[in-house]
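A.B. asks: I have a structure I would like to understand better, so I am pasting it below and will then ask my questions one at a time.
The values are calculated or read from the model by the stated rules, or taken from the named source; none is laboratory data. In this text the structure is predicted, and so the values were computed from the model without any measurement. Here the Cβ is made from the backbone with ideal geometry for all residues, glycine too, and neighbour counts use every protein chain on show.
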Amino acid sequence: MKHYYCSTFSKDYAYKGLLLYNSIEQHDKDFNFFMICLHEEAKNLFEKMNLANAIIISLEEVEKEDKELLSVKSSRNDKEYIWTSKASVCLYLLNHFQEIDHIVWLDGDTFFLSNPDPIFTEWGDYSVTLTGEKWLEEHSMLGETNGIYNTGFMGFKRDEYSMECLHWFREKLIEWCFDRWEKGRWSDQVYANDWPDRFQNVGVIENVGVNLTPYIINYKLLESPVIKTDQDILINNEKIIFFHFYGFKYYDGNVFDICNYVMNCRDDVTKHIYIPYINASITMIDKIKDVDVDGDFVQEKDVKDYHIRNYFNLDINVSTEEEKYNICTIMGKETLEQVLAFYNSLKLNTPNFQLWICCLDDTTYSYLNKLCLDHVILISLKNIEGNELLSIKDTRNSNEYFRTLKSSFISYVFKNNYQVNSIVYTDADHNFVTDYNRIFAELKQKNSILIVNRSISVEEEKKYGVYDAGLIGFKRNEIGLECLYQWKKDCIQWCFNKVEEDRWLEQKYLEKWPHLFSGVKVMEIPTRTPELEK
């Protein structure tokens, strides 16, 4: 049985369209893929790629027959207009290609990992088929706001029930389809909520491997490991048929946003699902560059100009070198000299280091970026700032906010970079430590959290705490991450430069850690560099 797929691509999504085509070609023996092009540049690129099973069509051809669709084009951005065109495209193909007995709509950021036959087996005799978002019970309200079904996959047979559905869907999409919430609507997706009741013969595919999404795999199937065999990738003992990489963003060939939504990505998901897609993206971008003589498809972006929510650094995570000492700090213009001195001390005393720097302003980022410092990764403050931090930013002075950021920055580095097994945070103006071997040796033991005693008077200890938040280490394990989560929560709630009972800035929270968490190692102040203290 021949399978018929379709999707619409802007020039920005062209590389994803080629990735999707290649993945179908690898796993489906008999298919046609209708590649609809919003931009002429995308059409020209696809035609240069000699795609044997692709039928390449300009969206203008659809618009010539659907003037109502064309009439709303100027009111919507590229993404919204592609959503708007879904039903119009499916109707156009069914009208113009009589050999088609079904059509499968796929969003452009989907990617096949195994044979699609189970999709069509479960679809069976249904006229229309969908896949569910599979919201957890505590997130069930999202079905009303974001949709019960994920319309990144929709299947339509050539019959009266499908045609009735498609014509209704087309009218609704032209009437309203935007990337915002308004009067119970969002994008094209909420429209499908009542299809099983509104239309006859609508089925929902239950195979979890069909249109598997970041939400489902990281929340609904949190306890189900991703298993890679010689031939397949499995989740919950099911083959993953195709994955929906929504929110995935390519930047410079080394830095990627795993998913530009609020989400934690499991290490096994990153290793077995995202890294192959990342590598395929890099290969595809290189192929595009070979034929892109006009430079229309150069995908590289300067990471400092964007908010990267789920930062992933390919070099760090696939490196075969010995494990590095990961050290991080936060700095602005006023601490630039101190950080450069600290960096030089690391080069002298700790050759196997990786320094992560959160830059508090664009000037600092740009200056350090121009220096091209070895073993340094720069992170812009905008990447750390989520809604929680931004909601309290104006309530604190610069020093209080800087201290509030520490746990968020460390968590950000840990989040998707699974090869960062441990990390030590050091204040930029902290006296320079040389004995990082000892610090990381402690974290390699059974210890999950490392805190350092302060040499202070009893009165100072009472006010400011016995431990030093300017030098602190964490292991990337359950205890370390739980401690970071609690510290982050505490600091967002309260982090001010005033002494209250059991609180002062971010530091006094550390006093309760030995009682709350196992694996807390208390150290005396490590060796410092005398010449840098003078």
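A.B. asks: Can you pull out the residues in the stretch 220-250 that are in contact with a strand residue (DSSP E or B) (Cβ under 7 Å, 6 or more places away or on another chain) and polar (S, T, N, Q)?
C.D. replies: The one that is in contact with a strand residue (DSSP E or B) (Cβ under 7 Å, 6 or more places away or on another chain) and polar (S, T, N, Q): 224.
A.B. asks: So residue 321 fits all but one of (1) under 18 Å from residue 409 (Cβ atoms); (2) without any contact (Cβ under 8 Å) to a residue 40 or more places away in the chain; what number is the exception?
C.D. replies: Unmet condition: (1).
A.B. asks: Taking the residues in the stretch 469-499 that are of a type outside the set (A, V, I, L, M, F, W, C) and crowded, with 17+ Cβ neighbours inside 10 Å as candidates, determine which candidate is farthest from residue 419 (Cα to Cα).
C.D. replies: 490
A.B. asks: If residue 229 satisfies all but one of (1) touching an Asp or Glu at 6+ places or on another chain (Cβ under 9 Å); (2) free of Cβ contacts under 8 Å to residues at least 12 places away in the same chain, what's the number of the condition it fails?
C.D. replies: Status for residue 229: all satisfied but (1).
A.B. asks: Continuing with this model, one more query. Going by the structure shown, is residue 33 assigned to a helix (DSSP H, G or I), touching a residue at least 12 places away in the same chain (Cβ under 8 Å) and either under 27 Å from residue 294 (Cβ atoms) or outside the structural domain of residue 100 (by TED's automatic domain parsing) (or both)?
C.D. replies: no
A.B. asks: Residue 100: surrounded by fewer than 17 Cβ atoms within 10 Å (Cβ to Cβ), in contact with a strand residue (DSSP E or B) (Cβ under 6 Å, 6 or more places away or on another chain) and not basic (Lys, Arg), yes or no? Show your work before the answer.
C.D. replies: Details: surrounded by fewer than 17 Cβ atoms within 10 Å (Cβ to Cβ): no; in contact with a strand residue (DSSP E or B) (Cβ under 6 Å, 6 or more places away or on another chain): yes; not basic (Lys, Arg): yes.
Judged against the criteria, residue 100 is not a match.
A.B. asks: In addition: Looking only at helices (runs of 4 or more DSSP H) that lie completely in the stretch 404-508, which have at least 3 residues being closer than 27 Å to residue 354 by Cβ and in contact with a helix residue (DSSP H, G or I) (Cβ under 6 Å, 6 or more places away or on another chain)?
C.D. replies: 478-493
A.B. asks: I've got another one for you. I need the full set of residues from the stretch 2-30 which are closer than 15 Å to residue 82 by Cα and either assigned to a helix (DSSP H, G or I) or of a type in the set (Asp, Glu) (or both), in order please. Give the steps one after another, and end with the answer.
C.D. replies: Kept after step one, since they are closer than 15 Å to residue 82 by Cα, are these residues of the stretch 2-30: 6-14, 16-17.
The answer is 12, 14, 16, 17.
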